[in-house]
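Colleague: Would you mind keeping the following structure in view while I ask a few things?
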Amino acid sequence: MASLDLLVIVGQTASGKSALAMEIAERCNGEIIAADSRTVYRGMDIGTAKPTVEDQAKVPHHLLDVVSPDQPFTAADFQRLANEAIENIQSRGKMPILVGGTGLYVDSVIYNFSFAGEADQELRVELEGLSIEELQQRITVEGLIMPENTQNKRYLVRTLERGDQPLEKRSLDAGTVVVGLKIPKEVLEERIKARLDQMLADGLLEEVKALKDQYGQERLEAMTGTTYKVLGKYLDNEIDLEEAKAEIIRGDLSLAKRQLTWFKRHDADIHWFDSAPKAQEYIMSVCI
């Protein structure tokens, strides 16, 4: 067994987290747990940058393809399944590697969040009648964890319904190490652009069309992510492809900014690196 009980790799979209996790898993006898609010959905493969079939064959991955896009999946669901996966991986003498950019998912595991049950319909009606600013204020007053997208009304309402909040602030477990990738903005933007071009070449439009045909789009929270939402507009002839690409890139850059803001709240617990090789060198020094 490696000297670590749990390795956590966090960072922005397109920062190289998955590739780093693959390298470490192969060298340190590890298995990967994906902490991503989109890759849990079956059939959403290209647009979520889900690990390839080849990568999944090389290294076992957990919490991919958990539910269909029309099924609900919450942070509490993720926490439960991730903890089960961690225990399973450790029981076989391997190192669990929790990797992803969904801050609430990561924090729910490493800080042992407590989740309340779903709210009743009366509360939902009340909350949906509030403005975004009023919802944000209520979240702050109730001491809850603000969602990564503070302008998404659905996320704000869900936060208040669930009552997401940590137990008393606690330190990381002794055997947990958190590594963060924070690469230069200009490098990140070029990676995001190149990744989108590759996704389109790999059949992203066909994937979005198939999902729209099977599930529709407006009613599915799973398809509210920028890539699927914007390409849905393109397929409906509301915008052209170049406009769609520009909007997706802007959306990904905005997501990257929100992700960094989320994780920076835990600076004291995260070992930050501006490149994957530097992060890998550090990880190798503590996992053997």
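Colleague: Kindly indicate whether any position in the range 273-286 is within 30 Å of Val157 (Cα to Cα) and among the hydrophobic types (A, V, I, L, M, F, W, C).
Modeller: For the range 273-286, residues within 30 Å of Val157 (Cα to Cα) and among the hydrophobic types (A, V, I, L, M, F, W, C): absent.
Colleague: Just give me the residues in the range 26-37 being in contact with a helix residue (DSSP H, G or I) (Cβ under 8 Å, 6 or more places away or on another chain) and surrounded by 21 or more Cβ atoms within 10 Å (Cβ to Cβ), in sequence order.
Modeller: Those that are in contact with a helix residue (DSSP H, G or I) (Cβ under 8 Å, 6 or more places away or on another chain) and surrounded by 21 or more Cβ atoms within 10 Å (Cβ to Cβ): Gly30, Ile32, Ile33, Ala35, Asp36, Ser37.
Colleague: Looking only at residues that are touching a helix residue (DSSP H, G or I) at 6+ places or on another chain (Cβ under 7 Å), among the small types (Gly, Ala, Ser) and not in a helix (DSSP H, G or I) in the range 106-156, which one is surrounded by the most Cβ atoms within 10 Å (Cβ to Cβ)?
Modeller: Result: Ala119.
Colleague: A further question follows. Checking the condition at pLDDT below 95 and surrounded by 15 or more Cβ atoms within 10 Å (Cβ to Cβ), which residue from Ala82, Ala76 passes?
Modeller: That would be Ala76, the only listed residue that is at pLDDT below 95 and surrounded by 15 or more Cβ atoms within 10 Å (Cβ to Cβ).
Colleague: Given the range 176-288, what helices (runs of 4 or more DSSP H) lie entirely inside it while holding 3 or more residues that are among the hydrophobic types (A, V, I, L, M, F, W, C) and closer than 18 Å to Glu148 by Cα?
Modeller: 241-264
The values are calculated or read from the model by the stated rules, or taken from the named source; none is laboratory data. Everything numeric here is computed off the predicted structure, so don't read it as measured data. All Cβ positions, glycine included, derive from the backbone under ideal geometry; neighbour counts span all protein chains shown.
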